[in-house]
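Data block below; observations after.
The values are calculated or read from the model by the stated rules, or taken from the named source; none is laboratory data. Predicted model only: the values in this text are computed from it and were never measured. Cβ atoms come from the backbone with ideal geometry, glycine included; neighbour counts cover every protein chain shown. With ligands, DNA and RNA removed, areas are computed over all heavy atoms of the protein, side chains included. Shrake-Rupley method; radii C 1.70, N 1.55, O 1.52, S 1.80 Å.
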Amino acid sequence: MSETAKLKIGDNSYEFPIIKGSENELAIDIKTLRGETNGVITIDPGYKNTGACKSAITFLNGEKGVLRYRGYSIEDLAEKADFLEVAYLLIFGELPTKEKLVKFHSDIKENAIVDDDVRKILDAFPKIAHPMGILSSLTSALTAFNPSSVNVDSDEEMYRAIVKIMGKLPVLVSWAMRKINGLPLNYGSNSLGYVENVMNMMFSKPNEEYTVNPIVKDALNKLLILHADHEQNCSTSTVRIVGSSHAGLFASLSAGISALWGPLHGGANQAVLEMLESIKEDGGDTKKYMAKAKDKNDPFRLMGFGHRVYKNFDPRAKIIKVAADQVLNDLGIDDPILDVAKSLEQEALNDPYFVDRKLYPNVDFYSGIIYRAMGIPVEMFTVMFALGRLPGWIAQWREMRLGKEPIGRPRQIYTGESLRKFKAIQKR
Ligand code: SDX
């Protein structure tokens, strides 16, 4: 197979190298295109056909429904790993030895206090504030309290910034939830594991001893692992491009949290639950909502369905669907919303509109059912997604900085007015 791609523009021919990834993916390297063709560029709305970078962190095959973190299958990791060791794997590239994991966790615990003045920022938010907006704001505000986390030129400085945010973000997540629930803020306990401590901070009440429910802990551990990274999705691309200007890690993560908030992206898990609720309220009339989803004049979309890359089942959705059944069963919860979800899924999987467009359930379709069973408010679902995605964002940001990648600055094709003279207002 030719190692180059040939391009003909007018009477001129050009050749560009083809690069091959470790999973045999091919890309045409067009970094010299504009110079060689005297200004011609490519255009690709939504970057559906455009690679932004080479990356060694996560690999997915959308046609086959394959997802791997640093070469380990998502099925293996979700079944056998602990979220903190998956975080270490994503960020540093290898599964940690016990000693390395213990050190990583103790460095995180050392940095798991958030400056008390941050509470004043949290207090200033109205009770109706969406927790994703709170999380994005407080994450960016952390820069002011940790200025050394910005210019991370050495491995040590970068490591310090990483363990700081791994320690502080769960605190911010729990504070956002406790504000919704009207509970006093807390810090959990360093005697607990990472996921257990997240639960303790989120759910504990000041007047009772908190005991970790192992079913909930296993389900949360699995959900956080399943959300941990996903190649160059919208929010990860945002973290990378903001970081490419050498904005600090916390500012880059804050931007990623804002991107994840959108209902077409991470915000879909909240939108799915709201959609299922309205279908249930509407007498469970799934056919009506299927018709709305297929109606081009209706802005309604079947939330939790479809994916930019997966044109097969999202492997995470498969795992979460089984876990949802298990968690509800183990907790003795009979949630009619799960039945609505399952019948909607069955209908969509047999409907030509969805089948022809290869629209399958994605990671967001079932996750909210588990979060709800855990007693997490629906507006916190995307915050839980952000908590899971944190190590992936960190890993991608670190890879971009260590790779000394140039500042991201896409081109455009201008379609506006040609040059025209200014007219004084009296003459307009
Ligand atoms: C996440 O990228 C990632 O990796 C993201 C993520 C991650 O881990 O980071 O996996 C997390 O964001 C999952 C996606 C969560 N979003 C939703 O569930 C929202 C509902 N889904 C859609 O909005 C949509 O499927 C997207 C945004 C996910 C993907 O959109 P694309 O790739 O731009 O596809 P498209 O909009 O071009 O749709 C292709 C066709 C269109 O119909 P035609 O114009 O060809 O007739 O499929 C239709 C769309 O109208 N379509 C849907 C649909 N999704 C696509 N029709 C009804 N319901 C839907 N959900």
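The residues on offer are 259, 317, 228, 251, and the sole one that is more than 8 Å from the ligand (Cβ to nearest atom), under 19 Å from residue 58 (Cβ atoms) and touching a Ser or Thr at 6+ places or on another chain (Cβ under 6 Å) is 259. Condition check for residue 272 on (1) more than 10 Å from the ligand (Cβ to nearest atom); (2) closer than 23 Å to residue 378 by Cα; (3) touching a residue at least 60 places away in the same chain (Cβ under 8 Å); (4) more than 12 Å from the chain's Cα centre (by Cα): one failure, at (1).
Exactly one residue out of 294, 342 is surrounded by fewer than 20 Cβ atoms within 10 Å (Cβ to Cβ) and either within 24 Å of residue 61 (Cβ to Cβ) or within 13 Å of the ligand (Cβ to nearest atom) (or both), and it is 294. Taking the range 47-99 as the range and being in a helix (DSSP H, G or I), open to solvent by 20 Å² or more (accessible area, probe 1.4 Å) and not basic (Lys, Arg) as the test, the residues that pass are 47, 75, 76, 79, 85, 88, 92, 99.
Based on this model, can you work out whether residue 308 counts as within 9 Å of the ligand (Cβ to nearest atom), open to solvent by 60 Å² or more (accessible area, probe 1.4 Å) and closer than 19 Å to residue 234 by Cα? Considered against the rule, which asks whether it is within 9 Å of the ligand (Cβ to nearest atom), open to solvent by 60 Å² or more (accessible area, probe 1.4 Å) and closer than 19 Å to residue 234 by Cα, residue 308 comes out as yes. Looking at residue 10, is it surrounded by 14 or more Cβ atoms within 10 Å (Cβ to Cβ) and on the phi > 0 side of the Ramachandran plot? For residue 10, the condition - surrounded by 14 or more Cβ atoms within 10 Å (Cβ to Cβ) and on the phi > 0 side of the Ramachandran plot - is not met. Filter the range 371-401 down to residues that are touching an Asp or Glu at 6+ places or on another chain (Cβ under 9 Å), within 13 Å of the ligand (Cβ to nearest atom) and among the hydrophobic types (A, V, I, L, M, F, W, C), then give me how many there are. Residues in the range 371-401 being touching an Asp or Glu at 6+ places or on another chain (Cβ under 9 Å), within 13 Å of the ligand (Cβ to nearest atom) and among the hydrophobic types (A, V, I, L, M, F, W, C): 3 in total. When you look at residue 287, is it assigned to a loop (DSSP other than H, G, I, E, B), within 16 Å of the ligand (Cβ to nearest atom) and surrounded by fewer than 17 Cβ atoms within 10 Å (Cβ to Cβ), yes or no? Answer is no for this residue. Residue 323: within 16 Å of the ligand (Cβ to nearest atom), part of a helix (DSSP H, G or I) and touching a residue at least 40 places away in the same chain (Cβ under 8 Å), yes or no? It is false that residue 323 is within 16 Å of the ligand (Cβ to nearest atom), part of a helix (DSSP H, G or I) and touching a residue at least 40 places away in the same chain (Cβ under 8 Å). For the range 346-356, a residue qualifies if it is in contact (Cβ under 8 Å) with a residue 24 or more places away in the chain and either within 23 Å of residue 59 (Cα to Cα) or assigned to a helix (DSSP H, G or I) (or both), and the qualifying residues are 347, 348, 353, 354. Checked against (1) within 12 Å of the ligand (Cβ to nearest atom); (2) within 30 Å of residue 94 (Cα to Cα); (3) crowded, with 21+ Cβ neighbours inside 10 Å, residue 368 passes all but condition (2).
Here residue 328 fulfils each of the conditions (1) open to solvent by less than 60 Å² (accessible area, probe 1.4 Å); (2) more than 16 Å from the ligand (Cβ to nearest atom); (3) outside any helix (DSSP H, G or I) apart from (3).
Among the residues of the range 351-365, those that are within 26 Å of the chain's Cα centre (by Cα) and either within 9 Å of the ligand (Cβ to nearest atom) or acidic (Asp, Glu) (or both) comprise 354, 357, 358, 359, 361, 362, 363, 364, 365. Of the residues 189, 154, 148, the single one that is surrounded by fewer than 20 Cβ atoms within 10 Å (Cβ to Cβ), closer than 16 Å to residue 201 by Cα and free of Cβ contacts under 8 Å to residues at least 24 places away in the same chain is 189.
Scanning the range 231-248 for residues that are more than 16 Å from the ligand (Cβ to nearest atom) and surrounded by 24 or more Cβ atoms within 10 Å (Cβ to Cβ) gives a single hit, 243.
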